[in-house]
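See structure below.
The values are calculated or read from the model by the stated rules, or taken from the named source; none is laboratory data. Since the model is a prediction, treat every value here as computed from it, not as a measurement. We place every Cβ from the backbone using ideal geometry, glycine too, and count neighbours over all the protein chains shown.
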Amino acid sequence: MFKEVLDSGVLRGKNIEAQAAACLYIACRQDGVPRTFKEICAISRVSKKEIGRCFKIIVRNSSTNLEHVTSADFMSRFCGNLYLPNSIQAAATRIAKRAVDMDLVAGRSPISIAAAAIYMASQASAEKRTAKEIGDIAGAAEVTIRQTYKLLYPKAAELFPEDFKFETAIEGLPSS
């Protein structure tokens, strides 16, 4: 892909590292292992803004077909990095999907939704994780996780899977 982008000349004059980083971002998404712009920035010496600009130009000028990124795309990695059991991952995935289906989190990024869903599921379990711990893994600000969680909280009873084993009842969940 990188060679195609270089040969096409659509990014002529743009930073070569930004071009490579944007191609890496696209390749990860196409292979079903999406990474955040922040993660790509961490391994390159390029700003998120530069990578984003190159990404938009590449997508606009090519036949690259990209699926939309969902919170489920990040759930396994985030929960694994937080050492959470599969039951919490499954609950968080269900919470995030239901929240999107119920239109509770319109305009929120998939990363924020995933992080808030993990926070909610972990707080209801014996495997509690703080918003800060989750944010450090997900690359989301603690305040963003809490704001998104506040959108989920009023409908918590409808979001959890029916077979979820609550360690902390819904009424005992933090309100923020």
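You will find that of Thr144, Thr148, the residue that is surrounded by fewer than 21 Cβ atoms within 10 Å (Cβ to Cβ), of a type in the set (S, T, N, Q) and in contact (Cβ under 8 Å) with a residue 12 or more places away in the chain is Thr144 and no other.
For Phe166, indicate whether it is in a helix (DSSP H, G or I) and aromatic (Phe, Trp, Tyr). Taking the combined requirement at face value, the residue does not satisfy it.
Screening Val100, Val69 for residues that are modelled with pLDDT of 95 or more and β-branched (Val, Ile, Thr) leaves exactly one candidate, Val100.
To keep it simple, each residue is scored yes or no on (1) touching a Lys or Arg at 6+ places or on another chain (Cβ under 9 Å); (2) of a type outside the set (Val, Ile, Thr).
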position	(1), (2)
Lys14	yes, yes
Glu17	yes, yes
Ala27	no, yes
Ser47	no, yes
Phe55	no, yes
Val59	no, no
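The C-beta contact set for the range 36-52 (first residue in the same structural domain as Ile26 (by TED's automatic domain parsing) and over 20 Å from Ser112 (Cα atoms), second residue among the aromatic types (Phe, Trp, Tyr) and in a helix (DSSP H, G or I), distance under 6 angstrom, 6+ apart or interchain) comprises Ile51/Phe37. Annotation note: of Ala22, Ala27, the sole residue that is in contact with a helix residue (DSSP H, G or I) (Cβ under 8 Å, 6 or more places away or on another chain) and either buried (at least 17 other Cβ atoms within 10 Å of the Cβ) or at pLDDT 90 or above (or both) is Ala22.
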